[in-house]
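One structure below.
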Amino acid sequence: MASMPIDPKVTATSLAGNPRRRRKEALIRAGLIAAAIVSLAVSLAIVLSLAGEALIFLSRVDPSTLWSGIWSPRRGDFGIPVLLAGTLWVAVIAMAIAGPLGLGAAMYLSEYASPRVRRRLKPIIETLASIPSVVLGYFALQVINPQIVQNLMGATNTFTIMAAGIGVGILTIPLVASVAEDAMHAVPDALREAAYGIGAKQRTVTIRVVFPAAISGVVAGLILGFSRAAGETMVVAIAAGATGQAPLRLNPMLPGQTMTGAISSLAIGSDSVKTTDVTAVNPFDALYFVGLLLFIITFSLNLVSERFVRRVRKNY
Amino acid sequence: MSTLGASTTTTRASVEAALSGRKRDIGGKVFSALMMSALLLSLFILLILLVSVLQEAWPVLSTRGMDFVTSNTSQIDSRAGVRQGLVGSLILIGFVAVFAIPLGVAAAVYLQEYARDSRLNRLFITNIRNLAGVPSVVYGILGLVVFVQALRSITGPDVYGRSYISGGLTLAVLVMPIVILITMEALRAVPVAIREAAYGVGATRWEVVRSHVLPYAAPGVFTGAILSLARAFGETAPLLLVGAVTGYLSSPSGRTPAEILQGQYTALPTQIYAWSKLPGPGWQENTAAAIVVLLVAILVVNTLAIILRNRYERKW
């Protein structure tokens, strides 16, 4: 083979490519970075807008009113324990519904359903996920409360924390099911085959092999579900009797107030007019403080669940 | 995955048959039935929800029909309709389509195709994942502080900032993390070989993305975009904070588009919320009828997503 003569015109710079093409490339790259930065700006804006206004509220409010057993912003009672108790009840009731149902559905879809059945049944879960929360709120008030909470559990109120909790639970089923199913689906078949190879039944494989192997993802799904339930607003605003004021109650068969319910009732109330006295506590500003609290709680729960999810990925 | 799953199923069946002989595994059957009932119960709840809403809505829908869809808000239950809410919701998701989807897709392209796997970028992605889990009511507070209060002179000087612009931008900010995550997922699914082939013939990074990666990821991106529109369509809580009108709304004719966008607004889900709080059977029926309209709209959007996905998937 004859050696190729080296073209003296080819230098290192001519390999660098067309300068116009490179300029365009750099421009597009900058544009894409800018778009990504917008998302970061959003989270900064959330933190700043919550923290700024919440600090103004905190600097004016009498700290003792924050720990009272009454939530009544108009009268100057900002009993945070009332809201925490309500939120905790709703989230716990919701998880009592969504935990077993979501995990059961996930286990069935991942381990028992044939691919054909899976294809047919999965859209049901997805349809449930696309139902707006305001619809579930109506359902909780009109159907769950009279039919289940009043008839079967003996409550007498039109609005109950229980009905709201059940409604939020129904909303949370798809989230728990899909995160848990992803985790179980990711368990390698080799593990299942090894168990079958030594004579395990399908039930044993599901409970003692797949479930423990996917436990991080399952826990992540439950935590995410809890966080979602704590942040759910419309079901609570419609069905829990969330009004402008509420005492501290530990009975879920009575109406109650949650953090999200308090925010929405402050928002639609007429307290939004700023008072002229700049040093006075504006009841409306409690909204920012409660919002900040809710943000911190759900954000930390999400971070914890993210850590669990990452553990699944690391293993397989 | 599906071939692996099938082979496990056959392995399992044959091993099980050989080992257990004719003895039937009753415990296993019960367990499997229990898992399936979790799934079926979710289906059952969905069914009850739809049936009870339809039942309640039937009197209004059968006697008024399209009149209900084309009437404006009113103080009288037999004359109130959802036209303004429906139009309002469509305008609001227009904002989502114009702002959130292009920005979200661009950010996803950067994070998935351009960014290196550095600590900073991982933090970025974690941040977006967490943003997707922030309760929607917190986005409402963000919208209240930023769009309604700080940018009032732009978003709606005559209506205290409580305009379509504020509501639409708030929803756009709310769904952007979801768009980013779904788009990243779709981009990740495009085989590396396709990128390498394009680089091999001398394409720049943007050329690879534009003419190879994005077309192949299109079905996933489309589905994500449409599902996020459906999500925005049903959101209620943030709109309550950024001032969607929950009572009577007059919509004078003869306004310019800019005046309309800077004017007062309402949305279908906020109308449902407001009506669910009004006393009397007439309003309850109206609420149910409005829910039917909302669910039909969301169903149409979701079906569109599925059709688009299927059509594009066949090409690939």
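For (1) under 22 Å from residue B:165 (Cα atoms); (2) touching a Cys at 6+ places or on another chain (Cβ under 6 Å); (3) in a helix (DSSP H, G or I), each residue gets a yes or a no:
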{"site": "B:80", "(1), (2), (3)": "no, no, no"}
{"site": "B:90", "(1), (2), (3)": "yes, no, yes"}
{"site": "B:96", "(1), (2), (3)": "yes, no, yes"}
{"site": "B:109", "(1), (2), (3)": "no, no, yes"}
{"site": "B:131", "(1), (2), (3)": "yes, no, yes"}
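Of the conditions (1) within 11 Å of chain A (Cβ to nearest Cβ); (2) farther than 25 Å from residue A:24 by Cα; (3) over 21 Å from the mean Cα position of the chain (by Cα), residue B:206 fails just one. Which one is it?
(2)
Can you pull out the residues in segment A:103-131 that are surrounded by fewer than 16 Cβ atoms within 10 Å (Cβ to Cβ), at pLDDT 80 or above and assigned to a helix (DSSP H, G or I)?
So in segment A:103-131, the residues surrounded by fewer than 16 Cβ atoms within 10 Å (Cβ to Cβ) come out as A:114-117, A:119-120, A:123, A:126.
Narrowing further to those that are at pLDDT 80 or above: A:114-117.
Matches in segment A:103-131: A:115, A:116, A:117.
For segment B:102-119, which positions are crowded, with 16+ Cβ neighbours inside 10 Å, small (Gly, Ala, Ser) and more than 7 Å from chain A (Cβ to nearest Cβ)?
Scanning segment B:102-119 gives B:104, B:108, B:115.
In segment A:229-252, which residues are more than 23 Å from the chain's Cα centre (by Cα) and under 24 Å from residue B:279 (Cα atoms)? If you could, list the steps in order and put the result at the bottom.
Of the residues in segment A:229-252, the ones more than 23 Å from the chain's Cα centre (by Cα) are A:243-251.
Of everything in segment A:229-252, those that are more than 23 Å from the chain's Cα centre (by Cα) and under 24 Å from residue B:279 (Cα atoms) turn out to be A:243, A:244, A:245, A:246.
Name the residue, out of B:310, B:286, that is more than 11 Å from every other protein chain (Cβ to nearest Cβ) and at pLDDT below 80.
Working: B:286 fails: at pLDDT below 80.
None of the others qualify; the one that does is B:310.
Looking only at residues that are part of a loop (DSSP other than H, G, I, E, B) and of a type in the set (Ser, Thr, Tyr) in segment A:219-243, which one is nearest to residue B:240 (Cα to Cα)?
So the first thing to find is which residues in segment A:219-243 are part of a loop (DSSP other than H, G, I, E, B), and the list is A:232-233, A:240-243.
Subsequent filtering for residues that are of a type in the set (Ser, Thr, Tyr) retains A:233, A:243.
Values: A:233: 11, A:243: 15 Å.
If we take residues in segment A:219-243 being part of a loop (DSSP other than H, G, I, E, B) and of a type in the set (Ser, Thr, Tyr), then A:233 is nearest to residue B:240 (Cα to Cα).
Only helices (runs of 4 or more DSSP H) wholly contained in segment A:133-218 count here; list those with 3 or more residues that are surrounded by fewer than 16 Cβ atoms within 10 Å (Cβ to Cβ) and within 11 Å of another protein chain (Cβ to nearest Cβ).
Values: elements: A:133-139, A:161-185, A:189-197.
Counting at least 3 such residues, we get A:189-197.
Tally the residues that are at pLDDT 85 or above and either at the interface with chain A (Cβ under 7 Å from one of its Cβ atoms) or over 43 Å from the mean Cα position of the chain (by Cα) (or both), restricting the search to segment B:13-31.
1
Any idea which of (1) within 12 Å of another protein chain (Cβ to nearest Cβ); (2) charged (D, E, K, R); (3) farther than 18 Å from residue B:97 by Cβ is the one residue B:188 doesn't satisfy?
Residue B:188 satisfies every listed condition except (1).
How about segment B:138-184: which of its residues are within 9 Å of chain A (Cβ to nearest Cβ), touching a Gly at 6+ places or on another chain (Cβ under 6 Å) and closer than 18 Å to residue B:97 by Cα?
Residues satisfying the conditions are B:176, B:180.
Given B:217, B:189, which one is buried (at least 19 other Cβ atoms within 10 Å of the Cβ) and over 17 Å from residue A:29 (Cβ atoms)?
B:217
Considering each residue of segment B:51-84, count those that are away from chain A (no Cβ under 14 Å), free of Cβ contacts under 8 Å to residues at least 12 places away in the same chain and exposed (fewer than 13 other Cβ atoms within 10 Å of the Cβ), and give that number.
Here the count works out to 5.
Just name the residue that is modelled with the highest pLDDT out of those in segment B:85-96 that are crowded, with 18+ Cβ neighbours inside 10 Å and of a type in the set (Gly, Ala, Ser).
My answer is B:89.
Considering each of A:155, A:129 in turn, give the residue that is closer than 30 Å to residue B:278 by Cα, among the small types (Gly, Ala, Ser) and under 23 Å from the mean Cα position of the chain (by Cα). Step through it out loud before you land on a result.
Working: A:155 fails: under 23 Å from the mean Cα position of the chain (by Cα).
A:129 is the lone residue from the list that is closer than 30 Å to residue B:278 by Cα, among the small types (Gly, Ala, Ser) and under 23 Å from the mean Cα position of the chain (by Cα).
Here are the criteria: (1) within 30 Å of residue A:137 (Cα to Cα); (2) surrounded by 16 or more Cβ atoms within 10 Å (Cβ to Cβ); (3) more than 8 Å from chain B (Cβ to nearest Cβ); (4) touching a helix residue (DSSP H, G or I) at 6+ places or on another chain (Cβ under 6 Å). Tell me which single one residue A:68 does not satisfy.
(4)
Looking at segment B:22-54, which of the residues that are out of contact with any helix residue (DSSP H, G or I) (no Cβ under 8 Å at 6 or more places or on another chain) and assigned to a helix (DSSP H, G or I) is farthest from residue A:211 (Cα to Cα)? Even if it seems obvious, please write down each step before you answer.
Within segment B:22-54, the subset out of contact with any helix residue (DSSP H, G or I) (no Cβ under 8 Å at 6 or more places or on another chain) is B:22-24, B:26, B:29-30, B:33, B:40, B:44, B:47, B:51.
Checking which are assigned to a helix (DSSP H, G or I) leaves us with B:26, B:29-30, B:33, B:40, B:44, B:47, B:51.
On the way: B:26: 21, B:29: 18, B:30: 18, B:33: 17, B:40: 21, B:44: 26, B:47: 30, B:51: 36 Å.
This residue is B:51.
Which of the following residues is farther than 26 Å from residue B:144 by Cβ and without any contact (Cβ under 8 Å) to a residue 60 or more places away in the chain: A:93, A:125, A:144? Before you say what the answer is, go through the steps one by one.
Details: A:93 fails: without any contact (Cβ under 8 Å) to a residue 60 or more places away in the chain; A:144 fails: without any contact (Cβ under 8 Å) to a residue 60 or more places away in the chain.
Every option except A:125 fails the conditions.
The values are calculated or read from the model by the stated rules, or taken from the named source; none is laboratory data. Only a predicted model underlies this, so the values are computations on that prediction, with no experimental measurement involved. Cβ: placed from backbone, ideal geometry, glycine included. Neighbour counts: every protein chain shown.
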